[in-house]
Amino acid sequence: MAILLAGLSALLYGGADFYGGLATRRSPLASVLALSQLVGLALALAATALLRTALPGLTDLAWGAAAGVCGAAGLAALYTALATTVVAVASPVAAVVGAVIPVVLGVAAGERPGGLAWAGIAAALPAVVLLTAGPGPDPGAGSPRRAAALGAGAGLGFSLFFYAHSRTSPDSGLWPLVAARVSTIPLVGLAAAVTGRSLRPARGGFAALLAAGALDMGANIAFLLASRADMLSIAAAVAALYPGPTVLLARIVLRERLTALRIVGLVLALAGLALISAG
């Protein structure tokens, strides 16, 4: 059941990231983050009301709030990368970093992934080199190295998001996800006010914002349940397969072209992530 939930979260994360990046191509980043997080908050509150879970202790809420800050930072980096650079570079690099760090944190906490997990890490790391090799496939797509740097930053934020949520109690239900949104929406608004960035989305851009926020919260719910049912390292690794749908959508909708090396790198990254999940 945990693997199925983590797999579902991967599909939903992939769609959420694509639509978040698409929205950022049209609207200011601050508006994309703030409004998509508001959509997620509404869904989290509705799901929590349906489950009728009692309000948890401050520790669970604090972990949820910390997860929200880390996750928002990761989304800011990833949405920027997906909107301004090469999707097929940024998304897999974020996934590799986001999968490897939870394995390290899990091992430090006493978890013992199998040999396949370590083989997966060994396979996934060279994929980053292949993904960033050569110039971008399109003249206006931005530097592959910039895509990789933003993707790595996003992966770090996501891995800390995963770890913080794994520290919450199963009895807390979905309240940590509510706390995550409550903590990040004011921060995004404050950052926009300080920097003078607009929170108003572009005309016609709300549909992508709505899809990004709804899919992301659905993925978060599935991942939180998966991480509570199995090892963090395994749940995070399966969830990290999200570049598959993200890159596929970019290829179909945006007509993003892939070089031969990047195709090999993407396949190697997905294979490595699959091995990590099997280990």
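The values are calculated or read from the model by the stated rules, or taken from the named source; none is laboratory data. In this text, all values refer to a predicted model and were calculated from it rather than measured experimentally. We place every Cβ from the backbone using ideal geometry, glycine too, and count neighbours over all the protein chains shown.
For the reader, a short list of remarks on this structure follows.
- Counting only residues that are among the hydrophobic types (A, V, I, L, M, F, W, C), touching a Ser or Thr at 6+ places or on another chain (Cβ under 8 Å) and over 9 Å from residue 41 (Cβ atoms), the range 175-189 holds 1 of them.
- Among the candidates 261, 248, 266, residue that is assigned to a helix (DSSP H, G or I), among the hydrophobic types (A, V, I, L, M, F, W, C), surrounded by 20 or more Cβ atoms within 10 Å (Cβ to Cβ) and at pLDDT below 80: 266
- Taken over the range 1-58, residues that are closer than 22 Å to residue 72 by Cβ and free of Cβ contacts under 8 Å to residues at least 40 places away in the same chain amount to 3.
- Tally of residues being closer than 18 Å to residue 176 by Cα, in contact with a Phe, Trp or Tyr (Cβ under 8 Å, 6 or more places away or on another chain) and surrounded by 14 or more Cβ atoms within 10 Å (Cβ to Cβ) across the range 27-57: 3
- One residue stands out in the range 162-180 among those that are of a type in the set (S, T, N, Q) and crowded, with 21+ Cβ neighbours inside 10 Å: the one that is farthest from residue 57 (Cα to Cα), namely 166.
- Lone qualifier among 201, 176 - being in contact (Cβ under 8 Å) with a residue 24 or more places away in the chain and touching a Phe, Trp or Tyr at 6+ places or on another chain (Cβ under 8 Å): 176
- Within the range 192-209, the set of residues being in a helix (DSSP H, G or I) and of a type in the set (Gly, Ala, Ser) comprises 192, 193, 207, 208.
Here is a yes/no grid of residues against (1) at pLDDT 65 or above; (2) within 21 Å of residue 80 (Cα to Cα); (3) within 18 Å of the chain's Cα centre (by Cα); (4) assigned to a helix (DSSP H, G or I):
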{"position": "106", "(1), (2), (3), (4)": "yes, no, no, yes"}
{"position": "110", "(1), (2), (3), (4)": "yes, no, no, no"}
{"position": "138", "(1), (2), (3), (4)": "no, yes, no, no"}
{"position": "147", "(1), (2), (3), (4)": "yes, yes, yes, yes"}
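- Close pairs (8 angstrom Cβ cut-off, 6 or more residues apart or separate chains): under 13 Å from residue 158 (Cα atoms) in the range 90-114, of a type in the set (A, V, I, L, M) and part of a loop (DSSP other than H, G, I, E, B) anywhere: 95/240; 95/241; 96/240; 98/240; 99/240
- Residue within the range 210-228 that is part of a helix (DSSP H, G or I), of a type in the set (Ser, Thr, Tyr) and touching a residue at least 12 places away in the same chain (Cβ under 8 Å) present: yes
- Matching residues in the range 54-102 - criterion: being among the aromatic types (Phe, Trp, Tyr) and either closer than 16 Å to residue 224 by Cβ or over 11 Å from the mean Cα position of the chain (by Cα) (or both): 63
- Within the range 5-26, the residues that satisfy the criterion of being surrounded by fewer than 20 Cβ atoms within 10 Å (Cβ to Cβ) and within 14 Å of residue 220 (Cα to Cα) are 7, 8, 11.
- Counted residues, the range 23-62 - those being among the acidic types (Asp, Glu) and out of contact with any Ser or Thr (no Cβ under 6 Å at 6 or more places or on another chain): 0
To keep it simple, each residue is scored yes or no on (1) at pLDDT below 85; (2) closer than 14 Å to residue 69 by Cα; (3) touching an Asp or Glu at 6+ places or on another chain (Cβ under 9 Å); (4) buried (at least 23 other Cβ atoms within 10 Å of the Cβ).
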{"position": "152", "(1), (2), (3), (4)": "no, no, no, no"}
{"position": "160", "(1), (2), (3), (4)": "no, yes, no, no"}
{"position": "182", "(1), (2), (3), (4)": "no, yes, no, no"}
{"position": "186", "(1), (2), (3), (4)": "no, yes, no, no"}
{"position": "193", "(1), (2), (3), (4)": "no, no, no, no"}
{"position": "207", "(1), (2), (3), (4)": "no, no, no, no"}
{"position": "218", "(1), (2), (3), (4)": "no, no, no, no"}
{"position": "228", "(1), (2), (3), (4)": "yes, no, no, no"}
{"position": "242", "(1), (2), (3), (4)": "yes, no, yes, yes"}
